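Only the coordinates and a few stated rules stand behind these numbers; no lab work does. A quick note: this is a predicted structure, and the numbers were derived from the prediction, not measured. Here the Cβ positions follow ideal geometry from the backbone for every residue, glycine too, while neighbour counts run over all protein chains shown.
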Amino acid sequence: MAYFSGLSETLKMTFVQIMIFSAIAVVIFLYGMIANLQKWGTGVTGYGLEPQAGQKGSALRFLKTWWGQVMEESHAPHAKPILEVLILDIIFQRRILKRSSLRWFMHFSIFAGWMALFSLSGMMFAVEMIEKIGVHLPFSPAEFRELLAFPNYVFGYILLIGVLIAIVRRLFISEVREATIMYDWILLAGVFIITVSGFIADGIRTGLIWGFGLDPVTAPPAALFHSIISLLFCIAYIPYSKYIHVIATPLAILANKGGE
């Protein structure tokens, strides 16, 4: 964990401190998700809307109702098998593809890149924790990090391509630009900064092109910045932003059996 040692020789974060910070980010995320589930449990369907006076939401009620809708047999013309909906509508996003191939490529690149990088980070975290509790593995955390280097780069570039397409669309396509507000730019800028900071942190460490010739001693603070902003923006902030749609939309699609 020396790679994430801190901002300077006098200002460092230990592995335990990083784990505590990660736990705080997860708690913030869970608190926000429970609040959203409670809101949805009152019947509120619009993003940012508040329940009517006197209504009290229940996260458990919402989950039970949602699961009941998912499992019930539907005879509606649009209804598809759950596995088909999960693979084609949620993972491969065929509904967006029917509308616009460019928009689909943008969405799928961001979705695939984000989820893959999140999974790879989770695998790295698991290896770190297993090593800390004394369980022997056939490889060290440092070796496993190097093993993940190539897929991290691949999915990092996939995410970056999707973000760049989103930026270009908002700059040069009039109807998209007119529908974009400052809040949308902030969300997009956050993903862009996280993606680029990850490339830079690794580039400084390895001496590759993304390092821009920066001194290797700046690798730990660059990596720490990337880790902290990722925890805050990609985990803690999701339930409180429009990015909640990455959770809400699949739930709605599954409940609706893939309907429009």
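Calculated on the Cα set of the stretch 2-255, radius of gyration then Dmax: 20.8, 66 Å.
As a calculated quantity, the FRET efficiency between residue 84 and residue 64 at R0 = 35 Å, using C-beta atoms, amounts to about 0.90.
Residues whose amide H lies under 5 Å from that of residue 58, counting only those 5 or more places away or on a different chain, are 41, 42; hydrogens are built 1.01 Å from N in the peptide plane. Taking every full run of DSSP H in the chain, the ones that stretch at least 20 Å from end to end by Cα along their long axis and average 1.6 or higher on the Kyte-Doolittle scale are 149-172.
Distance between the modelled labels on residue 215 and residue 171, one decimal in nanometres: 3.3 nm (7 Å Cα→Cβ projection).
Only DSSP H runs of four or more residues enter the estimate; each adds -39500 (n - 2.57), and after division by the residues of the chain the mean residue ellipticity at 222 nm equals -21000 deg cm²/dmol.
Projecting the Cα atoms of 235, 33, 140 onto the charge dipole of the stretch 2-255 (Cβ charges, centred on the Cα centre) puts 33 farthest toward the positive pole.
At full extension, residue 240 and residue 115 could sit 43.1 nm farther apart than now, given 0.36 nm per residue minus the alpha carbon distance. The local environment of residue 190, defined by Cβ-Cβ distances under 13 Å, has a net charge of 0 under the rule Lys, Arg +1 and Asp, Glu -1. Result for the chain in a Gaussian network model with C-alpha springs under 10 Å: among 22, 100, 241, the largest mean-square fluctuation is at 100.
Largest GNM mean-square fluctuation among 162, 190, 122, using the chain with Cα springs under 10 Å: 122. Toward the positive end of the charge dipole of the chain, with +1 on the Cβ of Lys and Arg and -1 on the Cβ of Asp and Glu, the farthest Cα among 108, 154, 130 is that of 108.
For the stretch 136-241, the direction-averaged projected area of the alpha-carbon convex hull comes to 8.8 nm². Across the chain, Cα pairs under 8 Å and at least six residues apart give a relative contact order of 29 percent. Fully extending the segment from residue 248 to residue 31, taken as 0.36 nm per residue of separation minus the present Cα-Cα distance, adds 76.6 nm.
Label sites at residue 184 and residue 17, each approximated as a point 7 angstrom past Cα along Cα to Cβ, lie 4.0 nm apart.
When +1 charges are put on Lys and Arg Cβ atoms and -1 charges on Asp and Glu Cβ atoms, the dipole computed for the chain relative to its Cα centre reaches about 660 debye.
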